[in-house]
Amino acid sequence: MPNPPRLPDPGRLEDPAILHTTEDTRTYPCPSCGGMLGFDPDAQGLRCVSCGTVVPIAPQILQPAAVAKRDLRRTMDELSRLMEQQPKSLEREVVCQSCGGRTLFTGSFTAVRCPYCNTPIQRDDVQAARTRLKIDGILPFQVSEKRAREEIEAWIGGRWFAPNEFKKYRELGSFTSIYLAYFDYDAETRTRYTGMRGVNRYVTVRDGDQTRTEVRTDWYPAAGVVENAFVDVTGLANSGLDEAKVQELEPWPMELNRAYSPEFVAGHLSRTYDEDARQVFDSRVRGRMEGVIEGTVRQDIGGDLQQVHSMDVSWLSLAFSQLALPVWMLTVTYRERPFQVFINGVTGEVQGQRPWSAVKIGFAIAAGVLVIVIVYVLYRYFGGS
Ligand SMILES: [Zn+2]
Ligand SMILES: [Zn+2]
């Protein structure tokens with residue numbers, strides 16, 4: 001049996017959530033009709049999907065806020081120690097407090113909809129757990145479902161070579177709003193390097209009766225120290241998504257960040273991280289930063305060409321925060337393959353995969369060949385005389 005809901009604690013009266021203590025979950029019932037409230041991008045408040053009632057969010061929560069970062073090494077060492085003491089699996093079954101049905105939170109999902117009554121349910125235990133990194137900041141949705149659908153339509157409409165069935169199938173695909181987990185890094189580095197500077201000179205070469213100019217490169221050893229500073233380099237912390245496409249949703253307007261608050265997640269899906277801050281740094285962020293450092297080294301070497309032989313990077317500071325970033329996601333299964341299309345929930349930028357129609361491409365090539373043949377025939381019979 002569902003237990004009676006507990007009122008929010010007095011210190012947080014601005015949050016209209018109903019907290020379910022036994023399940024450690026929260027829901028947002030509408031005060032007018034008992035339907036469910038969701039964070040509405042147009043209202044920047046909570047709106048009831050059934051009756052349209054808008055419940056405002058406290059101004060101090062809506063205010064953009066600088067998100068503080070924590071030292072990566074210290075935080076992750078501390079977390080590893082805690083996790084040794086109490087290893088914890090994320091997966092959990094929750095009893096829906098609206099209908100009594102059982103919902104399994106699988107993988108890294110922390111906000112889902114009850115499969116029986118569609119009530120959005122948020123887990124509170126993940127954010128509260130000492131063995132998990134907390135979400136520090138959130139970029140609330142700015143793009144409404146209506147606008148997201150329009151952006152998707154325009155994007156699919158503009159894909160000339162997408163098969164017609166794919167365009168039809170989009171209506172059958174799943175279209176959801178989800179907060180994805182990101183880590184956001186700042187770093188300062190000092191890099192000692194060795195390499196070679198190449199300087200071009202031009203020489204005149206005699207070739208029989210003629211002369212021509214050739215380029216010769218002289219190489220000189222080079223060594224030095226460069227410094228770099230990085231601010232807000234983000235890395236996706238969720239698995240199972242087309243990473244290259246998700247990365248192209250950048251840049252995220254970090255100045256719109258808010259301190260994390262669960263109202264923003266109401267009515268949307270949410271995932272916590274699958275890979276922690278150290279793993280994401282090593283797999284997705286370090287390489288990008290080292291690429292930038294190499295660019296600085298090449299600039300420092302100067303000349304016309306450069307060779308970089310060694311780079312010894314010292315990470316003078318390396319700090320991170322965890323962010324929840326908003327994405328509209330369309331998944332279409334076409335010929336047994338899933339295709340994902342993503343929309344940046346703040347800027348509306350669309351990035352995605354789609355199948356290519358062999359028939360349409362074939363027609364386009366055939367049409368191109370036909371044009372060349374016609375032009376050639378016209379030229380032979382009417383031109384050049
Ligand atoms: Zn209502
Ligand atoms: Zn339910």
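On the given criteria, is G302 surrounded by fewer than 20 Cβ atoms within 10 Å (Cβ to Cβ) and at positive phi? For G302, the condition - surrounded by fewer than 20 Cβ atoms within 10 Å (Cβ to Cβ) and at positive phi - is met.
A Cβ distance below 6 Å, combined with a sequence gap of six or more or placement on separate chains, defines the contacts here; from segment 61-73, residues that are closer than 17 Å to Y185 by Cα reach residues that are acidic (D, E) and surrounded by 15 or more Cβ atoms within 10 Å (Cβ to Cβ) in the pairs V67/D136; K69/D186.
Meeting the requirement of 3 or more residues that are more than 24 Å from the chain's Cα centre (by Cα), modelled with pLDDT under 90 and surrounded by 13 or more Cβ atoms within 10 Å (Cβ to Cβ), the strands (runs of 3 or more DSSP E) wholly within segment 17-86 are 18-20. Yes or no: segment 105-118 includes at least one residue that is basic (K, R) and within 16 Å of D276 (Cα to Cα). No, segment 105-118 contains no residue that is basic (K, R) and within 16 Å of D276 (Cα to Cα). Scanning segment 101-114 for residues that are farther than 16 Å from L323 by Cα, at pLDDT 85 or above and not in a strand (DSSP E or B), we see that the one that is farthest from ligand 1 (Cβ to nearest atom) is G101. Residues of segment 290-306 that are without any contact (Cβ under 8 Å) to a residue 60 or more places away in the chain, more than 17 Å from D186 (Cα to Cα) and small (G, A, S): G295 alone.
The residues of segment 249-271 that are over 22 Å from D186 (Cβ atoms) and in a loop (DSSP other than H, G, I, E, B), listed by number, are S261, A266, G267, H268. Consider only pairs whose beta carbons are under 8 Å apart and that are at least six residues apart or on different chains; among these, list those whose first residue lies in segment 42-53 and is on the phi > 0 side of the Ramachandran plot and whose second residue is outside any strand (DSSP E or B). Pairs found: Q44/I57; Q44/L62; Q44/P140.
Condition check ((1) more than 16 Å from ligand 2 (Cβ to nearest atom); (2) part of a loop (DSSP other than H, G, I, E, B); (3) at pLDDT 90 or above) across all residues:
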| position | (1), (2), (3) |
| --- | --- |
| I135 | yes, yes, yes |
| V143 | yes, yes, yes |
| K168 | yes, no, no |
| N200 | yes, no, yes |
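The values are calculated or read from the model by the stated rules, or taken from the named source; none is laboratory data. The structure presented is a predicted model; accordingly, all values stated were derived computationally and were not measured. Reconstructed Cβ throughout: ideal geometry from the backbone, glycine too, with neighbour counts over all protein chains shown.
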